[in-house]
Amino acid sequence: MPEGDTVWRTARRLDEALAGQVLTCSDFRVPRFATTDLTGRAVTETVSRGKHLLTRVDGGLTVHTHLRMDGSWRIRPAGGYLPRDHRIRLVLGNESRQALGYQLGVVEVLPTRSEARAVGHLGPDLLGPDWDEAEAVRRLRADPDRPVGEALLDQRNLAGIGNLYKSEVLFLRGLDPWRTVGSIDDPEALVELARKLLDANKDRAGQITTGNPARGQETWVYGRPGRPCRRCGSAIRTARAYGGRADLEDRVTFWCPRCQL
Ligand SMILES: [Zn+2]
């Protein structure tokens, strides 16, 4: 699942391909916007907000997309035929580049002045220019009885963490994912570590939290169910988390039962 670092990098690639140029291709393959045509408009920029992408175009419009579970944007030179691939939800292109949006979970166009409808609920963005650690901690602490693993995934508290970073920061801080937020002595350190990990990975394709980029060595606990903990040798445990709350992107979590208390 794409997390904040991947989305940040995707925004930069889209920005490099589209910003400052007039759209010559605009193909929305979602029913609600099937007749929307942005050709003739210049793209101003693409920015990320947490796991959301905002592509702003002249005339005060914003294309809001979200990768959700399996989405991706691919950039290629312009001029080729447009693929008929049913996974493509949106194509935006100019004279030199085409951006193909595959399996996007959200595709919508809205007035730029109304972007808050799409991203206004988000907490501070871990990779945003306006990152605010104190505000993120304040939001986490506002619900002290909540399991910390669940609270870190809630994008209204802080934006950008998915299951990989949630699992890894809790391991690195020695915290059981089911501990309540209120029982944690130093949530500032937890949040700051999450920001450091995302920041360290935002310029590269891999997500590495161990410092070791070798295949199979990248993470401490994420994706390693039943494997020995790299610190203590205990079998890494795994569980489905948080009872089907769709807004939390109900996913599996990983932890070491001995290192995380
Ligand atoms: Zn361990």
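The values are calculated or read from the model by the stated rules, or taken from the named source; none is laboratory data. Being a predicted model, the structure only gives us computed values, none of them experimental. With ideal geometry, Cβ positions are generated from the backbone for all residues, glycine too; neighbour counts draw on all protein chains shown.
For segment 113-132, a residue qualifies if it is exposed (fewer than 15 other Cβ atoms within 10 Å of the Cβ) and in contact with a strand residue (DSSP E or B) (Cβ under 7 Å, 6 or more places away or on another chain), and exactly one does: Arg117.
When you scan segment 193-225, how many residues do you find that are surrounded by 15 or more Cβ atoms within 10 Å (Cβ to Cβ) and not in a loop (DSSP other than H, G, I, E, B)?
Total satisfying the criteria: 7.
Could you figure out which of (1) touching a strand residue (DSSP E or B) at 6+ places or on another chain (Cβ under 6 Å); (2) away from the ligand (no atom under 16 Å from the Cβ); (3) modelled with pLDDT of 95 or more isn't true of Val221? Of the numbered conditions (1) touching a strand residue (DSSP E or B) at 6+ places or on another chain (Cβ under 6 Å); (2) away from the ligand (no atom under 16 Å from the Cβ); (3) modelled with pLDDT of 95 or more, the odd one out for Val221 is (2). For segment 21-54, residues that are assigned to a strand (DSSP E or B), within 14 Å of Leu90 (Cβ to Cβ) and acidic (Asp, Glu) total 1.
Out of curiosity, is Glu188 over 16 Å from Cys259 (Cα atoms) and in a loop (DSSP other than H, G, I, E, B)? No: the conditions fail for Glu188. Under the condition of being out of contact with any helix residue (DSSP H, G or I) (no Cβ under 9 Å at 6 or more places or on another chain), among the polar types (S, T, N, Q) and crowded, with 21+ Cβ neighbours inside 10 Å, the residues counted in segment 1-44 number 1.
Of all residues assigned to segment 184-193, none qualifies as being more than 16 Å from the ligand (Cβ to nearest atom), under 22 Å from Leu126 (Cα atoms) and touching a Gly at 6+ places or on another chain (Cβ under 8 Å).
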